[in-house]
Amino acid sequence: MVSDVPIATLLSGGLDSSLITGIVADNQKDRLTTYSIDYEGNDKYFKKTDFTVSRDEHYIDVMSKEFNTNHKYKTITQEDVVEYLKEALYAKDYPGMTDIDSSLLWFSKEIAKEFRVILSGECADEIFGGYPWFYRKELNDRELFPWINNLEYRQSLLNENLQDKINLKEIVEKEYENTINELSEEDRNKKDKRLFYINMTHFMQCLLERKDRMTMYSTLEARVPFADTKLVEYLWNLPFEYKYNENTEKYLLREAFKGVIPDEVLYRKKNPYPKTHNPKFLELVSKLLKERLENKESKMYKIFNVDKINELLESKEDDILPWYGQLMTRPQLIAYLYEFDLWLEEYNIEIEEI
């Protein structure tokens, strides 16, 4: 909270941002300004999933009323989500989390019109055990990184020349093994320690870089109070039962803040950063990718089986499980391939035969 300029907080109505908001509101004299983001049409097209279980507005309103914050709802159009994909690529310097990146970039620019410093809730899920793969057996029994799906499908997208030369599963296996081997032998043999370690070294790093790149590109400084060395070290040494108990994720964090924020927010089931559910996004990114692939000189043809990509574009089913994390389904895969082709061209990526 130490700053030469006024600060604001992000408020999604989830546990982490709500705790930060409540603490800041109680510890500064001026009325706190809070921000949230949603996508055009999500009120109509929202689909409940195993990961995204509820919409945010009600919980935001509860928090804003409880702490008398000056809350500002920001709603991004589907056109802006898609238009900002290119700028998000420049901010990151490589293909990223598509609408999750582009919307954050747009959101950051909106906030930067009024504030230069914000506080955000990243990292609590990684260190307190908030993700489903910490406690759902079908996920944490997986080998390798539990947030990675569809490796076989992604392998099938490579063209015939690369199928035998690049083995995605072997690459992921090697990365996982190298990471786990950084642990002591005692910790290496504990499932919860392996899970927390790979989350901190990979998933958390991905989200922190995303937040840093999109905000700093927008001249906005985002601070993440949960990414605190002492807190991370302390929680590392606590038994998993403190973090997941009574069928409740982040149990310790919720227990520690009883009475600080309203119970319906304190015990709200975890929701990830919002994504677009509007079919218009799929329509717009599909059109962009089709246009890119009309260029037969595209380097995509040297890497991918474009017939398989066309099948993906023509499919009427969103039958791809989240292929990364909790949010990246078929529309995001199409958007990612669009960003990938753009990256090859804009960054003059050279491809050599192997």
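Here are some notes:
- Residue in the stretch 125-140 that is surrounded by 18 or more Cβ atoms within 10 Å (Cβ to Cβ), small (Gly, Ala, Ser) and farther than 26 Å from residue 171 by Cβ present: yes
- Any hit, the stretch 60-73, residues being in a strand (DSSP E or B), at pLDDT 95 or above and over 24 Å from residue 100 (Cβ atoms): yes
- Only one of the numbered conditions (1) surrounded by fewer than 23 Cβ atoms within 10 Å (Cβ to Cβ); (2) at pLDDT 95 or above; (3) under 22 Å from residue 99 (Cα atoms); (4) aliphatic (A, V, I, L, M) is violated by residue 25, and that is (3).
- Residues in the stretch 144-158 that are among the aliphatic types (A, V, I, L, M) and within 18 Å of residue 312 (Cβ to Cβ): 151, 157, 158.
- Among residues of the stretch 291-302, those that are part of a loop (DSSP other than H, G, I, E, B) and acidic (Asp, Glu), counted: 2
- Only residues that are hydroxyl-bearing (Ser, Thr, Tyr), in a helix (DSSP H, G or I) and closer than 27 Å to residue 255 by Cβ were counted across the stretch 120-166, and they come to 0.
- In the stretch 77-93, the qualifying residues are those that are closer than 14 Å to residue 41 by Cα and in contact (Cβ under 8 Å) with a residue 40 or more places away in the chain, and the one that is surrounded by the most Cβ atoms within 10 Å (Cβ to Cβ) is 81.
- Residue 154 satisfies every condition listed in (1) free of Cβ contacts under 8 Å to residues at least 60 places away in the same chain; (2) touching a Leu at 6+ places or on another chain (Cβ under 7 Å); (3) of a type in the set (Lys, Arg) except (1).
- Complete set of residues in the stretch 258-302 that are hydrophobic (A, V, I, L, M, F, W, C) and within 25 Å of the chain's Cα centre (by Cα): 261, 265, 266, 281, 282, 284, 285, 288, 289
- Test for residue 241: is it surrounded by fewer than 16 Cβ atoms within 10 Å (Cβ to Cβ) and in a helix (DSSP H, G or I): yes
For (1) part of a helix (DSSP H, G or I); (2) buried (at least 20 other Cβ atoms within 10 Å of the Cβ); (3) in contact with a Lys or Arg (Cβ under 8 Å, 6 or more places away or on another chain); (4) modelled with pLDDT under 95, each residue gets a yes or a no:
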residue	(1), (2), (3), (4)
219	no, no, yes, no
222	no, yes, yes, no
226	no, yes, no, no
268	no, yes, no, yes
275	no, yes, no, yes
280	yes, no, no, yes
289	yes, yes, no, no
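- Scanning the stretch 13-23 for residues that are more than 13 Å from residue 66 (Cβ to Cβ) and in a helix (DSSP H, G or I) returns 15, 16, 17, 20.
- Per this entry, residue 96 is not counted among residues that are in a loop (DSSP other than H, G, I, E, B), on the phi > 0 side of the Ramachandran plot and surrounded by 14 or more Cβ atoms within 10 Å (Cβ to Cβ).
- Contact annotation: residue pairs with Cβ atoms under 7 Å, 6 or more positions apart or on different chains, pairing a residue in the stretch 52-65 that is under 17 Å from residue 22 (Cα atoms) with a partner that is among the small types (Gly, Ala, Ser) and at pLDDT 95 or above, are 56/36; 60/36; 63/18.
- Residue match in the stretch 47-57 (condition: surrounded by 18 or more Cβ atoms within 10 Å (Cβ to Cβ) and over 29 Å from residue 192 (Cβ atoms)): yes
The values are calculated or read from the model by the stated rules, or taken from the named source; none is laboratory data. In this text, all values refer to a predicted model and were calculated from it rather than measured experimentally. Counting neighbours? That spans all protein chains shown, and the Cβs are built from the backbone with ideal geometry, glycine included.
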